[in-house]
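Below: the structure, in structure tokens.
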Amino acid sequence: MKRDFVGSSEGNSQLFGYNFGDYPIHKFNYFNVSEDFYPLYPCFCGRDYWHHECYRERVNSDTFAIEYVVDGDFIFIHEAIREVCHPGDIFLVHKGGNCSMRCQTPSAQKRTVCLDGALLIPLLSSCGLDRVFCVREIDNAKVDAFFDMMDEHSCRSEPDFGQLSTLCYSFILSLAESAVTGFRPPELQKALKFMRQSLNDSLSLTELARYSGVSQATLYRLFREYFNISPINYFLEQKMEKAKTLLQYFPVKQVAGMLNFSTAQYFSNEFKKRYGVSPKNFRCRPSSRDFDHADKN
């Protein structure tokens with residue numbers, strides 16, 4: 001099997017990444033619903049199967065999706081916030097956001113429900129889920145039941161959209177309630193804020209711990225617990241996410257200097273290690289305009 005670039009665009013939204021053979025394999029069912037009658041409704045649902053060579057990135061996403069990990073581990077990055085999602089975790093793809101995903105295990109599987117409707121954005125905002133990208137403390141039995149119900153309705157010739165709308169509304173509220181218990185410790189929040197402010201600089205663990213108000217050992221433990229990665233490697237990943245944006249406008253050597261890498265070669269090696277393509281080739285990748293017939297899932 002080989003790795004192939006795919007891309008598509010719709011309006012201001014762009015989707016691109018890499019397939020590996022037939023992966024990711026999407027087994028989705030789509031709902032045919034009248035948008036005028038239901039303020040909140042599912043667009044599609046189903047399962048998808050991933051290989052660790054797959055990669056997807058959305059720019060200005062035009063969808064809101066609830067992604068439920070059932071096997072393997074996914075790395076999900078939303079607006080430079082990195083989450084490692086294990087079986088039983090949920091990550092949220094928000095409309096208008098920039099995000100990427102890949103699995104860090106040899107293979108992985110997740111269940112997906114995409115929602116839309118006039119009530120969606122106000123509901124997410126009112127319950128605070130518009131600021132949440134990963135939910136861990138959840139009742140998995142209830143989550144399984146919700147996805148099973150979505151799948152069951154999607155196979156009907158005439159789904160009950162009134163019931164589906166109510167189910168989606170209740171599920172979002174339950175996710176919001178679960179998310180309250182999953183907020184990160186304030187010391188970790190301080191560290192993340194300091195990292196975001198320091199992406200153009202170098203950063204030591206000593207400096208980061210001093211700003212966060214905890215010992216280096218405690219900070220290391222927090223990053224391992226919440227992100228399954230060391231603080232410095234997390235910081236490096238955030239630099240790489242920023243690099244992808246800068247590479248759209250500046251040459252490789254200049255981006256390496258802007259992000260304070262010691263050499264352009266070191267920057268290139270770290271970039272390719274994470275994304276499977278050199279920053280030079282990333283800059284030269286085909287525009288998503290050229291992929292009118294590409295896989296849009």
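The values are calculated or read from the model by the stated rules, or taken from the named source; none is laboratory data. Small disclaimer: the values here were computed from a predicted structure and weren't measured. Cβ atoms come from the backbone with ideal geometry, glycine included; neighbour counts cover every protein chain shown. The protein model used for the area step is the full one, side chains on, heavy atoms only, and it has no ligands, DNA or RNA in it. Shrake-Rupley method; radii C 1.70, N 1.55, O 1.52, S 1.80 Å.
For the reader, a short list of remarks on this structure follows.
- Here is what passes the span test in the chain: the DSSP H helices with alpha carbon length of 15 Å or more along the helix axis and a Kyte-Doolittle mean of -1.0 or above are 140-154, 161-180, 186-197, 216-227, 231-246.
- Region 56-177 gives an Rg/Rh value of 0.95, both radii derived from C-alpha positions and Rh following Kirkwood.
- Share of carbon and sulfur in the accessible heavy-atom surface of the chain [1.4 Å probe, %]: 49 percent
- About its Cα centre, region 177-241 has a charge dipole of approximately 120 debye under the convention of +1 per Lys or Arg Cβ and -1 per Asp or Glu Cβ, with nothing else charged.
- For region 67-82, backbone phi angles converted through the Karplus equation (6.51, -1.76, 1.60; θ = phi - 60°) give residue-by-residue couplings of 10, 10, 7, 10, 7, x, 10, 10, 9, 10, 10, 10, 6, 6, 9, 9 Hz, Gly and Pro being listed as x.
- Take the chain and mark each of the chymotrypsin sites (Phe, Trp or Tyr not before Pro) that is in a DSSP loop with at most 14 other Cβ atoms within 10 Å; the longest unmarked stretch, sites excluded, is 38-182.
- The length gained by stretching the chain between Asp160 and Lys253 to full extension, at 0.36 nm per residue less their Cα-Cα distance, is 27.8 nm.
- If R0 is 35 Å, the Cβ-Cβ spacing of Ala118 and Lys272 corresponds to a FRET efficiency of close to 0.20.
- Kirkwood hydrodynamic radius (C-alpha pairs) into Stokes-Einstein, the chain, 25 °C and 0.890 mPa s, D in µm²/s: 120 µm²/s
- Sequence of Lys2, Lys193 when ordered by accessible area, the most exposed leading, probe 1.4 angstrom: Lys2, Lys193
- Hydrodynamic radius (Kirkwood) for region 52-116, which is based on Cα pairs only, to one decimal in Å: 11.7 Å
- In this structure region 74-136 gives 31 Å² per residue of accessible area when probed at 1.4 Å with all protein chains present.
- Distance from the C-alpha centroid of region 157-217 to that of region 231-257: 22 Å, rounded to the whole angstrom.
- Only Cα pairs under 8 Å and 6+ residues apart enter the sum, and on that basis the relative contact order of the chain stands at 18 percent.
- Semi-axes of the equivalent ellipsoid for region 217-288, Cα gyration tensor, largest first, Å: 26, 13, 10
- Stretch in the chain that is longest and holds no GluC sites (Glu not before Pro) that DSSP places in a loop and that have at most 15 other beta carbons within 10 Å: 138-297
- Sum of -39500 (n - 2.57) over DSSP H runs of 4+, divided by residues of the chain (222 nm, nearest 500): -11500 deg cm²/dmol
- Between the residues Tyr211, Leu199, Gln238, the greatest Cα displacement towards the positive end of the dipole of region 174-268, with unit charges on the Cβ of Lys, Arg, Asp and Glu, is found for Leu199.
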